[in-house]
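Asker: Below is the structure I would like to discuss, written out as structure tokens.
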Amino acid sequence: MDGHRGPQRHHLVGADELVPTLSGAAVCYVNVDNAATTPPLRAVVDAVASALPWYGSVHRGSGYKARRSTAAYEAARATVGAFVGADPDRDTVLFTANTTGAINKLAATLPMDDDDVVLSTVLEHHSNDLPWRARTRTVHVRACVDGTLDLDHLDHLLARHAGHVALLAVTGASNVTGVVPPVHELARRVHAVGGAILVDAAQLAPHRPIRLGSHDDPGHLDFVALSAHKLYAPFGAGALVGRRDGFGPVPQHRGGGTVNAVTLDDVAWADLPDREEAGTPNLVGAVAFAAATEALERLGWDRIMGHEAALLTQLLDGLAEIPRVRVLGPTGPGAVAAKVGVVPFTVEGVDHGRVAAILGYEHGIGVRNGCFCAHPYIAHLLGLDRAGAASWVEAVRQGDKRGAPGMVRISLGLGNDHGDVERVLAAIRGVVDGRVSGDYGVDGHGEHHPVTGASRRGVVTGAALV
């Protein structure tokens, strides 16, 4: 592989687009916001283009296009199942809109007793926490100081709730720090007390191979949830894959496609997966999803992981040399092996929103800032105490999001290369050294934008500034 280019850079749509900056110059966009969403692979766009002329009604038609569309949809289901090592006989693959929809579906349908608990963790994205809080008593596993999962606390909770743990809901890779918990080891521990495990694989899937494992292996994964838009296929599809016996007899959503027969007095529900896929399926999203998984498999995980490790090493080493920059999560020896390519940082004395705005408006670098839908984890990493967290929540309730705690996140993807990382590091050095050309204000959402001149240079700005 060329050490100066991403392994699939030229196969990504929009990888080398020019964007305007405050200086008036156009620069090649650097996308290091891949943890939020990814650009489509050309192979994905080609697969969608090939499917569209034959688009028809999936599962509901005898015409040729309907039959062909149904076959394409079910082939996509099989491909996505194979991508995570699902057992076709004992597992089911349900297409959803995204990971959030997948987890909400499981939270609504997973059979539980009244005295059962769900173990979530402090590391979780809100989508793998709030649905469980709404369903049943939810207890949170703590995080260690470096942001990794506190396995001793997990063991304590498993022992305390043994026999009543319905599920451990845990991230496969943190969308904040990139931390990768040992999910198969966690599965063995939770299975030993009679529980099941759900892995939120939204961030893990683009970076590491996933295998559910044999149902006879104590380390097997019962359920995984993932999104195509984080897998270079942003066409509105996600998936929930897992044990057929882990779903109740009544679907989350009721309607077309979920039944075998209906009378005014009775309903005969359909079998899985149809029972849990109400309405007209997203054929285009499923085809795109499957095409992306095939493209990643063709590229090869050794190649993907090796390139990412090289970029992550360069990024962490470079950030360590910049004064006033603090990297959150694992650092030092072993950090690269302990995480995927997601790196949050702060700059002492500079609001995270301002840092992100400068990188975007002045350098053409796309990052994310804020709390990344993981507020408890951010509070833990920043050392925010209960009083500080309460003050933050109250200010937000009053409509003021300015000054909210947060970080800047760099997240690497297939299209990134060593030149991208060097541009990011150089831009951060400029922020630290005060080499900033714009004047920035803050809007009511806490977002920073240039105060004047941006529109004349063709730079899109945000809402009214305060």
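The values are calculated or read from the model by the stated rules, or taken from the named source; none is laboratory data. This is a predicted model, so every value here is computed, not measured. In this analysis, Cβ positions are derived from the backbone assuming ideal geometry, glycine residues included, and neighbour counts consider all displayed protein chains. Note: areas computed on protein heavy atoms with side chains; ligands, DNA, RNA excluded. Shrake-Rupley method; radii C 1.70, N 1.55, O 1.52, S 1.80 Å.
Asker: So which residues in the stretch 391-418 are among the small types (Gly, Ala, Ser), over 17 Å from Asp33 (Cβ atoms) and either within 25 Å of the chain's Cα centre (by Cα) or open to solvent by 60 Å² or more (accessible area, probe 1.4 Å) (or both)?
Answerer: Once the filter is applied, which keeps residues that are among the small types (Gly, Ala, Ser), over 17 Å from Asp33 (Cβ atoms) and either within 25 Å of the chain's Cα centre (by Cα) or open to solvent by 60 Å² or more (accessible area, probe 1.4 Å) (or both), the stretch 391-418 yields Ser391, Gly403, Ala404.
Asker: Quick one: would you say Gly248 is assigned to a loop (DSSP other than H, G, I, E, B), farther than 27 Å from Asp113 by Cβ and small (Gly, Ala, Ser)?
Answerer: No.
Asker: So which residues in the stretch 80-117 are part of a helix (DSSP H, G or I) and of a type outside the set (A, V, I, L, M)?
Answerer: Once the filter is applied, which keeps residues that are part of a helix (DSSP H, G or I) and of a type outside the set (A, V, I, L, M), the stretch 80-117 yields Gly81, Phe83, Thr99, Thr100, Gly101, Asn104, Lys105, Thr109.
Asker: Now a separate question. Test Ala25 against the criterion of being loosely packed, with under 13 Cβ neighbours inside 10 Å, more than 21 Å from the chain's Cα centre (by Cα) and not acidic (Asp, Glu), and give yes or no.
Answerer: yes
Asker: Then there is this: Could you tell me whether the stretch 431-439 includes any residue that is free of Cβ contacts under 8 Å to residues at least 60 places away in the same chain, open to solvent by 40 Å² or more (accessible area, probe 1.4 Å) and of a type in the set (Ser, Thr, Tyr)? If you could, list the steps in order and put the result at the bottom.
Answerer: First pass over the stretch 431-439, keeping only residues free of Cβ contacts under 8 Å to residues at least 60 places away in the same chain: 433-435, 439.
Subsequent filtering for residues that are open to solvent by 40 Å² or more (accessible area, probe 1.4 Å) retains 433-435, 439.
Then keep just the ones that are of a type in the set (Ser, Thr, Tyr); that gives none.
The answer is no; no qualifying residue exists.
Asker: If I ask for residues that are open to solvent by 50 Å² or more (accessible area, probe 1.4 Å), among the β-branched types (Val, Ile, Thr) and in a helix (DSSP H, G or I), which ones from the stretch 275-324 would you list?
Answerer: Answer for the stretch 275-324, where residues must be open to solvent by 50 Å² or more (accessible area, probe 1.4 Å), among the β-branched types (Val, Ile, Thr) and in a helix (DSSP H, G or I): just Thr313.
Asker: Filtering the stretch 445-461 down to residues that are at pLDDT below 90 and open to solvent by less than 40 Å² (accessible area, probe 1.4 Å), which residue is nearest to Val19 (Cα to Cα)?
Answerer: Here the residue is Val459.
Asker: Of Ala379, Ala357, Ala335, which residue is aliphatic (A, V, I, L, M), open to solvent by less than 30 Å² (accessible area, probe 1.4 Å) and not in a helix (DSSP H, G or I)?
Answerer: Ala335
Asker: So how many residues does the stretch 434-454 have that are part of a loop (DSSP other than H, G, I, E, B) and among the acidic types (Asp, Glu)?
Answerer: Total meeting the criteria: 2.
Asker: If you don't mind, another one. For the stretch 24-72, give me each residue that is among the hydroxyl-bearing types (Ser, Thr, Tyr) and either outside any loop (DSSP other than H, G, I, E, B) or under 17 Å from His11 (Cα atoms) (or both).
Answerer: Keep residues of the stretch 24-72 that are among the hydroxyl-bearing types (Ser, Thr, Tyr), which gives 29, 37-38, 50, 55, 57, 62, 64, 69-70.
If the condition is that a residue be among the hydroxyl-bearing types (Ser, Thr, Tyr) and either outside any loop (DSSP other than H, G, I, E, B) or under 17 Å from His11 (Cα atoms) (or both), then Tyr29, Thr37, Thr38, Ser50, Tyr64, Ser69, Thr70 are the ones that fit.
Asker: Also, quick follow-up: For the stretch 28-59, enumerate the residues that are over 27 Å from the mean Cα position of the chain (by Cα), open to solvent by 30 Å² or more (accessible area, probe 1.4 Å) and touching a residue at least 40 places away in the same chain (Cβ under 8 Å).
Answerer: Leu52, Tyr55, Ser57, His59
Asker: Also: I'm told Ala389 meets every condition in (1) touching a helix residue (DSSP H, G or I) at 6+ places or on another chain (Cβ under 9 Å); (2) in a helix (DSSP H, G or I); (3) under 29 Å from Ile304 (Cβ atoms) except one. Can you identify the failing condition by its number?
Answerer: (3)
Asker: Let me ask something else. Regarding Glu422, is this residue in contact (Cβ under 8 Å) with a residue 24 or more places away in the chain, within 30 Å of Arg42 (Cα to Cα) and either out of contact with any strand residue (DSSP E or B) (no Cβ under 8 Å at 6 or more places or on another chain) or open to solvent by less than 10 Å² (accessible area, probe 1.4 Å) (or both)?
Answerer: yes
Asker: A follow-up question, please. Consider only pairs whose beta carbons are under 6 Å apart and that are at least six residues apart or on different chains; among these, list those whose first residue lies in the stretch 68-92 and is closer than 14 Å to Pro209 by Cα and open to solvent by less than 30 Å² (accessible area, probe 1.4 Å) and whose second residue is modelled with pLDDT under 95 and aromatic (Phe, Trp, Tyr).
Answerer: Listed pairs, sorted by first residue: none to list.
Asker: In the list Ala261, Ala270, which residue meets the criterion of being small (Gly, Ala, Ser), modelled with pLDDT of 95 or more, open to solvent by less than 30 Å² (accessible area, probe 1.4 Å) and closer than 22 Å to Gly61 by Cβ? Can you show your working first?
Answerer: Numbers: Ala261 fails: open to solvent by less than 30 Å² (accessible area, probe 1.4 Å).
Residue meeting the stated conditions: Ala270.
Asker: Right, here's the next one. Taking helices (runs of 4 or more DSSP H) that do not extend beyond the stretch 118-235, which have at least 1 residues that are on the phi < 0 side of the Ramachandran plot and touching a residue at least 40 places away in the same chain (Cβ under 8 Å)?
Answerer: Working: elements: 130-135, 151-160, 183-191.
Fully inside the stretch 118-235 and qualifying: 183-191.
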